[in-house]
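The values are calculated or read from the model by the stated rules, or taken from the named source; none is laboratory data. Since this is a predicted model, take the numbers as computed values, not measurements. Cβ placement follows ideal geometry from the backbone for every residue including glycine, while neighbour counts extend to all protein chains displayed. With ligands, DNA and RNA removed, areas are computed over all heavy atoms of the protein, side chains included. Shrake-Rupley method; radii C 1.70, N 1.55, O 1.52, S 1.80 Å.
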Amino acid sequence: MNLGLATTYIIGGLMLLSILAYNYSLFNSTVETTSSVITQSKLDNIVSILQNDLNRIGYDRGISDAFVMAEDSAFIFRGNIFDNDGSDDFDLVEWAVTSELDTATTNPNDIVLIRKWNQTPSIPANEIEFRYSVRDFEVNYYDIDGNVPAQLDDIVQVEVEVLVESNEPYLTKKDGTELYYRSYWKRRIVANNLIY
Amino acid sequence: MNDYSDVLYLTAAMVIYSFLTINTSRSFLSTSETVIRSDVEYRTIIRAQDVIEQVKLVQRADENMLNPNHIDYMFAGYPVTDRETYGYNDEYTDTFIIDASSEYIDEGDPLVRRYKITVNVINEEVDPSTEVDLIFIKSFER
């Protein structure tokens, strides 16, 4: 075989391998970046609604108690979530994380976070349910001094932790391990209507 | 002579190809860093907001908590370093340096006393570190 031709094949082959490896790396990087942006956006959506709800706990509730139920995986509260929504009464809102796996995504770690909102609590049929995919959701409650409250009426601060993962893995290792992009939010909110 | 020119062409092509790949890789690295930084900044802002939430809890009877010259001054021990673990199995850690101060705003208003609360939070998990400043005005009716 011609030496020049063989050398050309070797160099060309190396170049081809290099381009393929680069293309693979570029593809992974693109997938990771896209996954991360989508995941952050997913978390941002949940956080926007959650912050609005938490700041409205107890608002316009009249003489009723602010909290109906408060556990580490769920809480139900009274409060007027939106002004000028045509409803004079308070709304009933529930946030609850279930152990139900979310089949809407391919991520096997995703569980369902449910938000139930009823503008007219006297008519249960008006309840609207929203479902979100999360990896973890946890709620802690504190009284005005930062201690664990003895009863629901003592709750002034609500601390929420939300962890979400990308719907799809951004990388699958050779051993089959799938890596998901994670985004996290944790905040302790003092609801204005619970202070006084 | 023809062989030498081929080698030169090939060398030039490889140099150009290398430049292109390096620049593209840099661009992607920069994008990844931006995404990570935005996550870190997100958490840093939350820490500053948490401090302000605690200021919201201060009631009129406890106004001295915002007076830097009083023994009850709530920011006397600041700056503080706070390590926070998070994640499903607490597998991640963030370190925040939180500084806060309060300053009385003398407006000469006999009915209202206002304090300017400045919160500064630094997260050194990324290089360069992420820093957030938040200002909150707390008012007390006399």
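Worth pointing out:
- Restricting attention to the stretch A:16-52, the residues that are touching a residue at least 60 places away in the same chain (Cβ under 8 Å) and not polar (S, T, N, Q) total 9.
- Odd one out for B:Ser18 among (1) farther than 29 Å from A:Asp154 by Cβ; (2) at the interface with chain A (Cβ under 8 Å from one of its Cβ atoms); (3) open to solvent by less than 70 Å² (accessible area, probe 1.4 Å): (2)
- Checked against the criteria, A:Lys116 does not count as out of contact with any helix residue (DSSP H, G or I) (no Cβ under 9 Å at 6 or more places or on another chain), closer than 28 Å to B:Glu53 by Cβ and not in a strand (DSSP E or B).
- Looking only at the stretch B:65-115, and only at residues there that are within 24 Å of A:Val160 (Cβ to Cβ), part of a loop (DSSP other than H, G, I, E, B) and open to solvent by less than 60 Å² (accessible area, probe 1.4 Å), the one that is farthest from the other protein chains (Cβ to nearest Cβ): B:Met74
- Pairs are defined by a Cβ separation below 9 Å, a sequence spacing of at least 6 or placement on different chains, a first member in the stretch A:2-15 that is facing another protein chain (nearest Cβ under 10 Å), and a second member that is part of a helix (DSSP H, G or I) and modelled with pLDDT of 85 or more; the pairs so defined are A:Met15/B:Ala13; A:Met15/B:Tyr17.
- Scan the stretch B:30-49 for residues that are open to solvent by 30 Å² or more (accessible area, probe 1.4 Å) and within 10 Å of chain A (Cβ to nearest Cβ) and the total you get is 9.
- Residue among B:Thr118, B:Thr95 that alone is under 18 Å from A:Arg187 (Cα atoms) and either touching a Ser or Thr at 6+ places or on another chain (Cβ under 7 Å) or of a type in the set (A, V, I, L, M) (or both): B:Thr95
- Lone qualifier among A:Thr34, A:Thr39, A:Thr106 - being within 11 Å of another protein chain (Cβ to nearest Cβ), polar (S, T, N, Q) and open to solvent by 50 Å² or more (accessible area, probe 1.4 Å): A:Thr34
- The combined condition, being open to solvent by 40 Å² or more (accessible area, probe 1.4 Å) and among the acidic types (Asp, Glu), is not fulfilled by A:Glu165.
- Positions within the stretch A:116-127 being within 15 Å of A:Val97 (Cα to Cα) and surrounded by 18 or more Cβ atoms within 10 Å (Cβ to Cβ), in sequence order: A:Trp117
Okay, residues lined up against (1) in a loop (DSSP other than H, G, I, E, B); (2) touching a strand residue (DSSP E or B) at 6+ places or on another chain (Cβ under 7 Å); (3) open to solvent by 20 Å² or more (accessible area, probe 1.4 Å):
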position: A:Phe82; (1), (2), (3): yes, no, yes
position: A:Leu92; (1), (2), (3): no, yes, yes
position: A:Trp95; (1), (2), (3): no, yes, no
position: A:Val112; (1), (2), (3): no, yes, no
position: A:Glu129; (1), (2), (3): no, yes, yes
position: A:Val139; (1), (2), (3): no, yes, no
position: A:Ile144; (1), (2), (3): yes, no, yes
position: A:Val160; (1), (2), (3): no, yes, no
position: A:Arg188; (1), (2), (3): no, yes, yes
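- Among the residues of the stretch A:143-167, those that are under 26 Å from B:Val40 (Cα atoms) and within 13 Å of chain B (Cβ to nearest Cβ) comprise A:Gly146, A:Gln157, A:Val158, A:Glu159, A:Val160, A:Glu161, A:Val162, A:Leu163, A:Val164, A:Glu165, A:Ser166.
- Filter pass, A:Thr105 being more than 21 Å from the chain's Cα centre (by Cα) and closer than 29 Å to A:Ser35 by Cβ: no
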